[in-house]
1. List the relative contact order of the chain as a percent without decimals, with contacts defined as Cα pairs under 8 Å and 6+ residues apart.
2. Carbon and sulfur atoms: what percent of the 1.4 Å accessible area of the chain do they account for?
3. Looking only at Cα atoms, what is the convex hull volume of region 115-243 per residue, in Å³?
4. Looking at the square roots a ≥ b ≥ c of the eigenvalues of the Cα gyration tensor of region 282-367, which shape do they give, rounded for a/c under 1.5, prolate if a/b is larger than b/c, or oblate?
5. Normalised radius of gyration for region 79-134, please: alpha carbon Rg relative to 2.2 N^0.38 Å, two decimal places.
6. Got the relative contact order for region 167-234 handy, in percent, Cα pairs under 8 Å and 6 or more residues apart?
7. Can you compute the FRET efficiency between Ser399 and Arg28 using 1/(1 + (r/R0)^6), with r the Cβ-Cβ distance and R0 = 22 Å? Round to the nearest 0.05.
8. Let's test the formula: R0 of 25 Å, r as the Cβ-Cβ distance of Ala263 and Tyr68. What FRET efficiency results, to the nearest 0.05?
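The values are calculated or read from the model by the stated rules, or taken from the named source; none is laboratory data. In this text, all values refer to a predicted model and were calculated from it rather than measured experimentally. When we count neighbours, we look across all protein chains shown, and the Cβ atoms used for this are built from the backbone with ideal geometry, even at glycine. Please note that ligands, DNA and RNA were not included when accessible areas were found on the heavy atoms of the full protein model with its side chains. Shrake-Rupley method; radii C 1.70, N 1.55, O 1.52, S 1.80 Å.
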Amino acid sequence: MTERQLTAAMRTRKVNPFKVMDVLERARQLESAGRSIVHLEVGEPDFTAHPLIVEAAVRAMRSGKTQYTPASGLPALRERIAQFYSQHHGVQVDVSRIIVTPGASGALVLLSNLLLNPSDQVMMPDPAYPCNRNYVHLMGAEAVLIAPETPGLAAPTTAQLDAAYNESSKGLWLASPANPTGAVIDATRMSELSDWTRQRGMHLVMDEIYHGLDFVKPVADVTPMGDLPTALKFDDNNFVINSFSKYFGMTGWRVGWVVVPQAFSEMANILAQNLFIAASTPSQYAALHAFDDDVTGVLEERRSEFRQRRDFLASALQHIGFSLPWQPQGAFYCYADIGAFADDCELFCQQMLEQHGVAMTPGTDFGQHQARRYVRLAYTRSMPDLELAAQRIVDALQSR
């Protein structure tokens, strides 16, 4: 093996398995064998795409709109996304800065190639979405995981960032609401973090794919499509990722977007041409209607349902004896401390799945700091399913 091949092989060896997909595969195997499984492992809403979105995709295909769009996306969709930022966030975004991607994953791949060089360092919270650090490693860069100063925080403090900073530090990657914790970065903290990266000449990547699924305000005061500010509100030079997967319920359609600073728009388009040519054309035509009032009205009803599920599951878990250092303010996850029952989350999850029919994700999927103390449970299933899962967990713990 040549030195170059060895270097490439070492990069790929740093890519960890996506454990939640292993759990999902095993859960489906058990279902195929006739077992009843409650799926709390995968971050996929049980609500399907709105019928108007489906109809738009069918119309596009029947009318022959199945060829490539421009690499940066369907012009009308990019215009509609820019309109969303103007109307919902009060932020003006030039269409040239918007790149439509094959899901948020496509956006992360694009940004990894756009922003990183070998030996660069990227700071990110621990815990965090596991693929982020893998994308960084594939570029030959290093993911610097920063454990929470106090459990429950959605992002590192500026003091922690100061301590981790060195000449190789090139970026800070964050999410709000966060996976796996459901924690939210408020506007004051977002402004501080944005200022901190700007002052050090670093880039800030903000994952906003769970925007819309936030529960920070009382029901009577919620704003349609979410109450969280975009990172673009604090600096035009921030990079923002979003997707039609979560709030809009279009997971399998694989269409998302990224907003880049103006100086990066041309190169981002070139990378899109080379990395994926274009996102799915029927999916883009469908996504055009995701912002329609008739659609968002239903999506807000679903958001209310997710809030009810969150309230039930968070309460049930704490009543059973789990701890929730991170209060789930958004997304659709509870990140629960299992310390009262076990010290190995992977064994705990395996037993819950194999013996009791409840699928959940081990904390070791999301980081290193005390990860074996935690499991992630997704409240993406109906209330009867959540009630069944809670009862199965109670029965499992009582049978020990």
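1. Relative contact order, the chain: 24 percent.
2. Roughly 49 percent of what the probe reaches on the chain is carbon or sulfur.
3. Hull volume normalised by residue count: 104 Å³.
4. Prolate.
5. Ratio of Cα Rg to 2.2 N^0.38 Å: 1.42.
6. 37
7. 0.30
8. It comes to 0.40.
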